[in-house]
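Right, one structure below, let's go through it.
The values are calculated or read from the model by the stated rules, or taken from the named source; none is laboratory data. Since we're looking at a predicted model, the values are computed, not measured. Cβ placement follows ideal geometry from the backbone for every residue including glycine, while neighbour counts extend to all protein chains displayed. Just so you know, the surface numbers come from the protein's heavy atoms only, side chains and all, with ligands and any DNA or RNA stripped out. Shrake-Rupley method; radii C 1.70, N 1.55, O 1.52, S 1.80 Å.
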2 protein chains.
Amino acid sequence: MDCCKNKDYTIDNEQLAHFAKALGHPARITILNFLGAMDSCYFGDLHNELPIAKATVSQHLKELKEAGLIQGEIEGPRVKYCINRENWEKAKDSFDVFFDSCKVKATCCD
Amino acid sequence: MDCCKNKDYTIDNEQLAHFAKALGHPARITILNFLGAMDSCYFGDLHNELPIAKATVSQHLKELKEAGLIQGEIEGPRVKYCINRENWEKAKDSFDVFFDSCKVKATCCD
DNA sequence: AATACTGTTCGTATTTTTGCGAACAGTATC
DNA sequence: GATACTGTTCGCAAAAATACGAACAGTATT
């Protein structure tokens with residue numbers, strides 16, 4: 001019986017999966033693309049780019065914020081969003097390492 | 001009323017989100033890391049690396065297969081899994097382009 | 001052909017995600 | 001201070017993801 005395996009996921013794998021999960025929805029990808037391409041990044045602009053209700057947009061933004069990929073800043077009555085540079089690089093690096101470390105060997109499945 | 005927005009996500013964004021979603025679980029990251037590092041990649045080996053039931057492992061493998069990131073091949077009574085090179089490169093490129101195209105501008109949020 | 005081994009599929013339970021409208025809180029304007 | 005505007009939070013519904021054991025199907029061995 002394999003009742004005593006007690007294996008856990010590594011912190012790195014958890015972190016990468018967490019980043020990936022945050023990117024795992026087209027609305028959130030669209031948001032990040034928009035934030036990367038534009039200078040003005042108010043909530044309304046983002047909402048305008050997306051085919052979903054503002055409550056839902058707000059929720060996606062919350063998730064991206066919790067993943068650390070973006071940050072928001074209150075500006076008068078509006079909220080300005082932008083990419084969190086530090087964590088963005090961290091995520092980029094994580095994916096880079098992951099895709100490289102999984103370099104396929106010639107001996108596998110050939 | 002914004003009832004006529006009719007905006008859709010682009011194919012590219014959908015595709016990237018789909019890849020990201022497939023990577024959005026530590027078990028699947030672990031599987032891919034293992035497949036990238038080992039030559040032998042039978043189901044049993046993968047199951048042995050993970051703290052979850054075999055039915056669940058099989059399900060994660062199915063998802064990775066459906067995302068196109070891995071492929072399985074029946075070998076006698078066992079099943080040999082490996083990374084799908086072609087789509088692996090495609091995913092890697094998608095993430096590369098994404099992270100680069102979202103290069104943060106100096107004017108945003110500073 | 002019975003047995004052992006390997007992995008998938010099925011049925012189900014639980015949790016999480018996604019989505020929306022309504023209500024709310026804050027700022028600005030009249 | 002009423003009104004308009006902006007965005008978040010709340011409450012809820014529907015769908016998807018995660019997980020498991022049991023049952024199954026296939027191969028190999030006895």
Of A:Lys80, A:Lys62, the only residue that is touching a Cys at 6+ places or on another chain (Cβ under 9 Å) and within 12 Å of DNA strand D (Cβ to nearest atom) is A:Lys80
Please verify whether A:Arg28 is more than 11 Å from DNA strand D (Cβ to nearest atom) and in contact (Cβ under 8 Å) with a residue 24 or more places away in the chain, treating the condition exactly as stated.
yes
Of the residues that make up the stretch A:85-96, is at least one within 12 Å of DNA strand D (Cβ to nearest atom) and basic (Lys, Arg)?
no
Keeping to the stretch A:15-41, report how many residues are within 8 Å of DNA strand C (Cβ to nearest atom), in contact with a His (Cβ under 6 Å, 6 or more places away or on another chain) and small (Gly, Ala, Ser).
1
Does A:Gly44 satisfy being within 13 Å of DNA strand C (Cβ to nearest atom) and farther than 27 Å from B:His25 by Cα?
yes
Restricting to the stretch B:57-89, name every residue that is of a type in the set (Lys, Arg) and in contact (Cβ under 8 Å) with a residue 12 or more places away in the chain.
B:Arg78, B:Lys80
Taking the stretch B:46-71 and keeping residues in a strand (DSSP E or B) and facing chain A (nearest Cβ under 9 Å) leaves B:Gln71
Just need a number here: residues in the stretch A:74-88 that are assigned to a loop (DSSP other than H, G, I, E, B) and more than 10 Å from chain B (Cβ to nearest Cβ).
2
Of these, B:Ala91, B:Ala37, which one is aliphatic (A, V, I, L, M), open to solvent by 50 Å² or more (accessible area, probe 1.4 Å) and facing chain A (nearest Cβ under 10 Å)?
B:Ala37
Being surrounded by 18 or more Cβ atoms within 10 Å (Cβ to Cβ) and at pLDDT 95 or above is the requirement here; does A:Phe19 meet it?
yes
If A:Phe43 meets every condition in (1) of a type in the set (Phe, Trp, Tyr); (2) more than 30 Å from B:Pro51 (Cβ to Cβ); (3) facing another protein chain (nearest Cβ under 9 Å) apart from one, which number is that one?
(3)
Scanning the stretch B:13-45 for residues that are small (Gly, Ala, Ser) and in a helix (DSSP H, G or I), the one farthest from the chain's Cα centre (by Cα) turns out to be B:Gly44
